[in-house]
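Bear in mind that the values in this text are calculations on the coordinates, not laboratory data. Because the structure is predicted, anything quoted here is derived from the model rather than measured. For neighbour counting, all protein chains shown are included, and Cβ atoms are generated from backbone atoms with ideal geometry for every residue, glycine included.
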Amino acid sequence: MGSINVFTGPMKCGKTKRAIEAATIQKIRGKDIKVFKPGIDNRFAENKIVTRSGKELDTLNISCIEDIENYDADVYVIDEFQFLDGDLEAINRLANKDKRIYISGLNLTSDRKPFGRMGEVMCMADKIELMTSVCEVCKSEEAIYTYYSGPKDSDILVGEAGYMPVCRECYEKLSMGMINL
């Protein structure tokens, strides 16, 4: 039987790095791998997922979850899953066909609400790795949230300007205006 594996957490916690590591291990094992990302994600490259340290993998850009069923592989890697809509059952169908799926994405919006379909896919997952970062405000606590300091009218703002990983305490202080950036 296949499996669904999720890497999630705030910005800058290493989700993409873990997805690339998982793909690399599966490639060493001789598995056929396909890597996907939403077409909307063009921050670092059009057809690649890229870590902050420069590791990268070529990708196929997709517009919805079920697009991955158009490709045959042993292993499916999907980065920035929070930006995808569509039929989550596509993930289950592939896992039930002995396919291994690795998904990375932000679990929460900057308003601390489930981001896109991430909450639902985590409920389907065989394994979830909830990752943390370093709080960019106090520098001493684990960041579990992503804070956004600018004006916004949507949860989908691709890019890093105004976003930062923060701990619970700093999120609350920023939200109440007790800390100025």
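Here Lys17 is the anchor, and the aspartates and glutamates within straight C-alpha reach of less than 14 Å, apart from those fewer than 8 places off in the same chain, are Glu56, Asp58, Asp79, Glu80, Glu129.
Given Cys64, Cys138, Gly86, which one lies farthest toward the positive end of the charge dipole of the chain, if we put +1 on the Cβ of every Lys and Arg and -1 on the Cβ of every Asp and Glu? Farthest along the dipole direction, towards plus: Cys138. Against the chain, whose longest principal axis is taken from its Cα atoms, helix 15-28 shows a tilt of about 20°. With R₀ fixed at 25 Å, the C-beta to C-beta distance from Thr24 to Glu120 puts the FRET efficiency at about 0.35. The charge dipole of the chain, taken about its Cα centre with unit charges on the Cβ atoms of Lys, Arg (+1), Asp and Glu (-1) only, comes to about 580 debye. Listing Asp72, Asp41 from fewest to most neighbouring C-beta atoms within 10 Å gives Asp72, Asp41. For the pair Ser175 and Lys139, label points projected 7 Å from Cα toward Cβ lie 2.6 nm apart. GNM on the chain, alpha-carbon springs under 10 angstrom: the most fluctuating residue among Ser104, Ser53, Ser149 is Ser53.
In this structure, Arg168 and Asp58 have a Cβ-Cβ separation that, at R0 = 22 Å, corresponds to a calculated FRET efficiency of about 0.05.
All other residues whose Cβ lies under 12 angstrom from that of Phe81 are scored, Lys and Arg at +1 and Asp and Glu at -1, for a net of -2. With θ taken as phi - 60° and the Karplus curve 6.51 cos²θ - 1.76 cosθ + 1.60 applied, the whole-hertz 3J(HN,Hα) list for the range 85-91 is 10, x, 7, 5, 4, 4, 5 Hz, x standing for glycine and proline. Amide H contacts for Glu141 (H built 1.01 Å from N in the peptide plane; partners 5 or more residues away or on another chain; cut-off under 5 Å): Cys135.
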